[in-house]
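Undergrad: One structure is given below, represented as structure tokens, and several questions about it will come after.
Please treat every number below as a calculation from the coordinates, not as lab data. The structure displayed is predicted, hence computed values, not measured ones. In this analysis, Cβ positions are derived from the backbone assuming ideal geometry, glycine residues included, and neighbour counts consider all displayed protein chains.
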Amino acid sequence: MMNQEVSAFGFLFIFIILAIILVTVGLTLSSFIRPARPNDEKLAAYECGEEALGNGSGQINLRFYLMGLIFILFEAEIVFLFPWAIVFGQKELIATTEGKWATVALLEMFTFLFILVLGLAYIWAKGYLEWVKITPQKSNYTSPVPKKMYEKYK
């Protein structure tokens, strides 16, 4: 039994070493092969086709950070539902414990979901899910095209 475990870990160790060697050799060879001709346009920061203005340390709206954090928090918690569903569905385990396993597992999951819903209610009550809506401003532009020409395309 010990030999199988050692051989499995040995195989994994060899695989990791070979992966590191392959990546290192590939990156080293590519640095020798590729042309190195930097210019101002290649060294400029690219952001969605727009020219970068100023430095990158500008102030960002805190709501973006907060929404991302809330999403990550709830997304990571939801991932715990999948292994629970797999283990909860094992009929042999439920039969061996005469149904006690299913009751405990279901109670634990409802407790987990209750805590998640409680957290969602808390951030909703605090207003963290509210987004500031911009009111559109009416334009003063007057078009030379008559309004009845626009109406036929509605």
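Undergrad: K152: charged (D, E, K, R), surrounded by fewer than 10 Cβ atoms within 10 Å (Cβ to Cβ) and farther than 26 Å from G68 by Cα, yes or no?
TA: Yes; evaluated as a whole, the condition is true for this residue.
Undergrad: Report, ordered by the first and then the second residue, all pairs with beta carbons closer than 6 Å, sequence separation of six or more or different chains, a first member in the range 102-122 that is within 16 Å of A76 (Cα to Cα), and a second member that is outside any helix (DSSP H, G or I) and among the basic types (K, R).
TA: Filtered contacts from the range 102-122: no entries.
Undergrad: Out of I70, I60, I94, report the one residue that is within 22 Å of G127 (Cα to Cα) and touching a Phe, Trp or Tyr at 6+ places or on another chain (Cβ under 7 Å).
TA: Numbers: I60 fails: touching a Phe, Trp or Tyr at 6+ places or on another chain (Cβ under 7 Å); I94 fails: within 22 Å of G127 (Cα to Cα).
Just a single option satisfies the conditions, and that option is I70.
Undergrad: Taking the range 60-92 only, how many residues are under 23 Å from L113 (Cα atoms) and surrounded by 10 or more Cβ atoms within 10 Å (Cβ to Cβ)?
TA: 19
Undergrad: Would you say G127 is within 30 Å of A44 (Cβ to Cβ), of a type outside the set (S, T, N, Q) and without any contact (Cβ under 8 Å) to a residue 40 or more places away in the chain? Outline the logic, then answer.
TA: Working: within 30 Å of A44 (Cβ to Cβ): no; of a type outside the set (S, T, N, Q): yes; without any contact (Cβ under 8 Å) to a residue 40 or more places away in the chain: yes.
Criteria not met by G127.
Undergrad: Right, something else. Take K126 and tell me if it is within 22 Å of A76 (Cα to Cα), loosely packed, with under 10 Cβ neighbours inside 10 Å and not aliphatic (A, V, I, L, M). Please lay out each step first, then the result.
TA: Numbers: within 22 Å of A76 (Cα to Cα): yes; loosely packed, with under 10 Cβ neighbours inside 10 Å: yes; not aliphatic (A, V, I, L, M): yes.
Against the criterion (within 22 Å of A76 (Cα to Cα), loosely packed, with under 10 Cβ neighbours inside 10 Å and not aliphatic (A, V, I, L, M)), K126 qualifies.
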